[in-house]
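Okay, so here's the structure we're looking at.
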Amino acid sequence: MNMVNYFKNVKLLFFILNNFLIHSDDIGTKLQDVFKEYSANDLTTIAGKTGSYKPIVTNTIDLIMDEKGNLTEKGTVFKSFIDKELGKEFKRDFTSKKLKETIQAAVIGFPNGQQKPDSQENVGDYKVYYQKYGTDTNMPLVVWFHGNGCSFDNWKWRNNDIDNVLKHVLAIEYPSYVNNNFSNFDEIDKYTTSVAEFLLNYINTKNIKQIVLFSHSFGCNVNTLVYKKLKNKISSNSNDIELKSVLVFPYYNAIDASACVLTNFQTISNCTQTAKGQNIFDKIFSFLPKDVDKTPFIKPFVDEMYKRLFEKTMKNSFETELEFIERVSNNGLILNQSGVKLENIILIKDNVKHCEWKYDTNLNKSKLLSSKDKVTLIDYLTDFSNFKIKDDETTNKNIVILYSNKDNMVGNGGLLIAQSFVLKHIKYNKDFLDPKNDPKHKNLKTMYMAMCYDLDKQDIQAINDLNEIDYFDRQAVNDILNAKGFCQCYNQMKKFEDRNIDSSHMDEIGR
């Protein structure tokens, strides 16, 4: 039988034979000829629609690490390549770090040299680093959390241009940035606990009644963690304080962010689009034809990498390292656990690139908000009374999410966060939103109208695509994670049984 002709007629089989393509020059050469029979569009469409990327992802990552996340010989080469490329852009030495540390560090980001904010205060386990800009206590306090590669001072708060319309700013810096060092999600989780405690003391001392957490990019993850912890503290202290949050181009979770970093790290390192940015996945999937779109393989690859590196190790008595990272990096999940609901959110699409957003972004494009004809981001940050929904003056819109369909840094993370609230609202019953059951998307449009957002055809297509995502996500098990009493005990015991961790059962029963 002529094997090449046979493969030409069975399009999907070559996906499960990619190991041969890597291991055998002879068969690899023949299969390269088979690939040539199909356009890049053809291969990407087949992979995306059928899930046939899985054999490619699994077989590729098998060459790099085993099921427990231990690097193979090829994996060592893979890590050294990442170390070299990331190190070259971020001016850091990664060689002494484990792969799991490198991935977390790349997501959280690196400073452009050691940062030196004016103030610091010991709170809990950490020093909280901050800088004041203006002290007009008649204005809401704006707490600023910057993104990957920036700093507390990057937004020119001292200038007398539009940036300085905000007269009462507290800019927070991160320990790893101050120390010009690496960080991980464990540190961010603990640091945000200290920040929340610091902010509670600060606003009580200054008698501040309105506070808005303002953030961009990675800073949005810091924002959501602080929002959750500060809101809990405010509630328990019975303070009459209005707390709001603005997320400008957030990522969805760590896996999303890692996929973006590995794909666009040259852009991320200087917030400027490079003419030809290095894509690490071009190297990983080098056995695929050069003109094949590798996008369908990227997130499943990062998903599998996270699972192997983090899922087998317990972080504590009730969750793995992977579950911990999801819990502290999934911005939709964090806000959900903060008590935020669909009707508390304003969703805005701003069609600019990741670093091109402006303070005067119009938040009222759909005219769903009452008050002014045009309500901007500056209005939201300076006057909380601007934000009421027409015909419903009681609704508290305390979360603003900006996203862009031109954002190649974090993609549609903001849309994913919004969609997580839609799915939560309908108890994850995706059939309710299925075009077959609702051809005009009335249900979907109604849900998004609750967020002051009027869907267009492009949005509907993007949301339909989001519902097909097949990589790690803990949003749907949020209720289980939050369960208490016997149900929680039972679920944790079941987890341990599934992982063959017998010795921990009695601890769980004791708890």
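Expected output is a single nm value to one decimal: the length gained when fully extending between Asn204 and Asp293, i.e. 0.36 nm times separation in residues minus the C-alpha distance. What is it?
Numbers: separation 89, 0.36 × 89 = 32.04 nm, distance 5.34 nm.
Working it through step by step, the gained length comes to 26.7 nm.
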Expressed in angstrom and rounded, the centroid-to-centroid distance over alpha carbons for region 116-145 and region 438-453 is 40 Å
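Beta carbons within 10 angstrom, averaged per residue: use that to sort the peptides 315-323, 55-63, highest first.
Numbers: 315-323: 17.0, 55-63: 19.6.
Order by mean packing, descending: 55-63, 315-323.
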Anything over 23 Å Cα to Cα? Flag those among Lys74/Lys98; Lys294/Lys424; Lys74/Lys299; Lys294/Lys430; Lys79/Lys299; Lys116/Lys406, in the order listed. Lys294/Lys424; Lys294/Lys430; Lys116/Lys406
Search the structure for amide H atoms under 5 Å from the amide H of Ser215, placed 1.01 Å from N in the peptide plane, and list their residues when 5 or more places away or on another chain. Phe145, Val246, Val248
Determine the gain in length on full extension of the stretch Lys315-Asn180; use 0.36 nm per residue of separation and subtract their C-alpha separation, reporting nm with one decimal. 46.0 nm
According to the Cα gyration tensor, what semi-axes, each the square root of 5 times an eigenvalue, does the equivalent ellipsoid of region 59-129 have, listed from largest to smallest in whole Å? 33, 16, 8
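None of the figures in this text is laboratory data; all of them are computed from the coordinates on show. Keep in mind that what you see is a predicted model, and the values were worked out from it rather than measured. Using ideal geometry, Cβ is built from the backbone for each residue, glycine included, and neighbour counts are taken over all protein chains shown.
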